[in-house]
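Working notes, structure below.
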2 protein chains.
Amino acid sequence: MTPGMGRGAGPAAPRSADVAQLAGVSRKTVSRVLNNEPYVSAEARRRVLAAADELGYRLNHAARALASGRNRSIGVVALGTAGYGTASLLVGIEQAVRDAGYALRVVNTPDGDPEGITGAVESLLEQGVDGVVVSEPIVEGEVSLRVDVPVLFLGAPPAFSADRTVTASVGACALARAATEHLLDLGHATVHHLAGPRRWYASKDRIAGWRAALAARGAHEPPLVEGDWSADSGYAAGLELASDSSVTAVFAAGDEMAIGLIHALREAGRRVPEDVSVVGFDGNPVFAYVSPPLTTVRQPFDAASREGIRLLVHAIEKPDAELPPTSDPPVELVVRGSTAPPPSLQDQRHLQIT
Amino acid sequence: MTPGMGRGAGPAAPRSADVAQLAGVSRKTVSRVLNNEPYVSAEARRRVLAAADELGYRLNHAARALASGRNRSIGVVALGTAGYGTASLLVGIEQAVRDAGYALRVVNTPDGDPEGITGAVESLLEQGVDGVVVSEPIVEGEVSLRVDVPVLFLGAPPAFSADRTVTASVGACALARAATEHLLDLGHATVHHLAGPRRWYASKDRIAGWRAALAARGAHEPPLVEGDWSADSGYAAGLELASDSSVTAVFAAGDEMAIGLIHALREAGRRVPEDVSVVGFDGNPVFAYVSPPLTTVRQPFDAASREGIRLLVHAIEKPDAELPPTSDPPVELVVRGSTAPPPSLQDQRHLQIT
DNA sequence: TTGAAAGCGCTAACAA
DNA sequence: TTGTTAGCGCTTTCAA
């Protein structure tokens, strides 16, 4: 094959040797300029840049990767769902990765099952990524996998063993606790929880936060209701919960489930927030405009992905250094119209006024 | 550098030569097995596979890319937003790309401006992708860029010249037309349109569909209102539209804008759908559970991305063959509770009954 | 059906 | 500050 003639019949793509020749320097000097290495005279640098520009030179990353052993790319294993949460996380990751000067490779695991994750990581490793991000994994049981690059677990504890593992989280546990405490503060005797699928770490975190808040106040812990993040499943859960008149407050593990839940509650004749208060989880801004506007906690997707990528890049570039200290992301409760004091307290106030 | 000693102090990563040695064949035979090439005896194949498995061999994609000139990867230029639409599209693309046996690289263009797209494509080209997907671009003016691989424009006409260009779309124009016609069929004299930012091709398509429907019925075309896809901007537009009592039907170019719009309308004392009907655009299932449930058109993200990637892969693998025929995606109108006949017709019916 | 030799375009180590 | 040399791990000739 003629070099550079891969596609169509255009002229051969210029190589670093062409640039070197035109600039009148050696290939190594071209390499130095392109990699911002020191020990290049300003004059040589200028000439190389001018020659590269004139030729329309484009560095061949595959060759660089092969020669240097480093790829400057990070792979992310994402969930194949288009929810607000997962999408926000992916956007944040892309940005942070690009800012760090790395390329991003994405593999989805539609079902998020362990084999799926293993296969996805494996394929990223083959592609030669310098680091891997496992975003919101679903894991039952340990996955064993030989990984020789740092791995970042976003929103979950390490799901398999790797030489260098870093974690960062959105602080879901603290957020769930804040959501539950908000309801308790309003005077509700206890708070029901509409959780995500139990297989997800994200669900576990939120359940843990909810439990902690309940326990701290000595509140009775009602049985858990489980959904699948969808509004449909929230609706189904709402049908169930509506038949129990003792339910006055529900913390849903996702905004969309909360919306479905409220719909079912209202169809069953229970008013929100007068009879039942509902808190969501995520912070999708569109739900400020539904009726009632949804009280929720905002997940700091941006902060978490930025922080996580910072740690990952650190682990990649300084394998032997200590990890820099990390700070917990802020907890942000967005109080809107779907929460109110329980009916009992509302009545009391009403009687006092009368 | 000792081969394979890049990270940590583990044993050297096995190379194809190691596999060849263990299997007792040549490196070329290993290569043949790994690439599913013909002319390998079953026995040789078995031995190679066994050796690879025993060694935990992982193919080095960078080396393959360098030697073969092909990368088996596709790059996508996406928008750095976490909206339901863009996220759904990206998920669909990833799936289709993976199914086709390619790896996916992602670069976002936060602002979607022309320079952003140019830079993003450039960086993908450096990474050696075999094809590029430009997803829902925003373009004002032509971007000129030397691209020597096929480019797929998803939901937009070619934004810059490339040797081989393919396009696929969600059929936004037909969808917008269907949404508008639904309103017209209900008896509304005309339909207002809350458009997306004018710089987006996606907005233009929807405007064109809306106009076509209006023109076909001889309906008067009211002035356009422009939002930025957010619920906030829909709310702002709703405030504006609410003051005009002649408005009885609005087609919003996005579900979220529609939700904001409805909220503003109701705050201003106009009932939905009794006084004003609203149709959204996207088909996010969560909006079946708000009040009123949102009538919308569903974008066939999956079909469009699948079709687009099919064309792109065809263009990559058979550069000289004709493109296969393409079919228009289906138009799916989801009628829910946010649309009804205009007040005038409701009154008439009422009078007749009385 | 198989193998030997020659690169792909770049960077690393060393020498100048 | 610069250049020379020798690979990186794979695929591609082309010959056996």
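Of note:
- Rounded to the nearest 20, the Cβ-based charge dipole of region B:16-59 about its Cα centre (Lys and Arg +1, Asp and Glu -1) stands at 120 debye.
- Tilt relative to chain B, helix B:301-317 - C-alpha long axis, 0 to 90 degrees, to 10: 40
- Check: chain A dipole with +1 on Lys, Arg Cβ and -1 on Asp, Glu Cβ, in debye: 1420
- For the residues of B:327-333, the average number of beta carbons from a partner chain within 10 Å of their own beta carbon is 0.
- Checking every one of the GluC sites (Glu not before Pro) in region A:237-334 against DSSP loop status and a limit of 15 other Cβ atoms within 10 Å picks out A:Glu274, A:Glu322.
- Shielding by partners - mean other protein chain Cβ count within 10 Å, residues of B:126-132: 4
- Burial ordering of B:Ser291, B:Ser73, A:Ser305, A:Ser169, fewest other beta-carbon atoms within 10 Å first: B:Ser291, B:Ser73, A:Ser169, A:Ser305
- Only Lys, Arg (+1) and Asp, Glu (-1) charged, at Cβ; the protein assembly as shown dipole about Cα centre in debye: 2020
- Separation of region B:204-250 and region A:217-262, taken as the distance between their Cα centroids, equals 37 angstrom.
- The spacing between region B:279-340 and region A:265-306, judged by their C-alpha centroids, is 28 Å.
- Potential lengthening between B:Ala67 and B:Glu37 on full extension [0.36 nm per residue; Cα-Cα distance subtracted]: 9.2 nm
- Value of relative contact order over region B:16-59, rounded to a whole percent, pairs C-alpha under 8 Å and six or more apart: 43
- With Cα atoms, 0 to 90° folded angle of helix A:84-99 axis to chain A main axis: 30
- When the charge dipole of chain B is built from unit charges on Cβ atoms (+1 for Lys and Arg, -1 for Asp and Glu) and taken about the Cα centre, the candidate among B:Gly227, B:Ala237, B:Tyr289 whose Cα reaches farthest toward its positive end is B:Tyr289.
- Residue-wise HN-Hα coupling along region B:177-182, computed from phi with Karplus coefficients 6.51, -1.76, 1.60 (Hz; x: Gly, Pro): 5, 5, 4, 5, 5, 4
- Shielding of peptide A:102-110 by partners, expressed as the average count of other chain Cβ atoms within 10 Å per residue Cβ, is 6.
- Gyration tensor (alpha-carbon) shape descriptor, region B:196-286, a/c threshold 1.5: oblate
- Helix-only [θ]222 nm of the protein assembly as shown, DSSP H runs n ≥ 4, -39500 (n - 2.57) each, per residue, nearest 500: -13500 deg cm²/dmol
- Within the straight-line cut-off of under 20 Å between alpha carbons, the aspartates and glutamates reachable from B:Lys28 are A:Glu126, B:Asp18, B:Glu37, B:Glu43, B:Asp53, B:Glu54, sequence neighbours fewer than 8 places apart in one chain being disregarded.
- Pairwise label distance in nanometres, B:Val331 with B:Asp228, each label 7 Å out on the Cα-Cβ vector: 3.2
- DSSP assigns beta bridges within chain B; of those with both partners inside it, close to 10 percent run antiparallel.
- To the nearest ten degrees, helix A:231-242 and the longest principal axis of the Cα atoms of chain A are 20 degrees apart.
Readers should treat all values here as calculations from the given coordinates under stated rules, not as data from a laboratory. Only a predicted model underlies this, so the values are computations on that prediction, with no experimental measurement involved. Ideal geometry is used to build each Cβ from the backbone, glycine not excepted, and the neighbour counts take in all protein chains shown.
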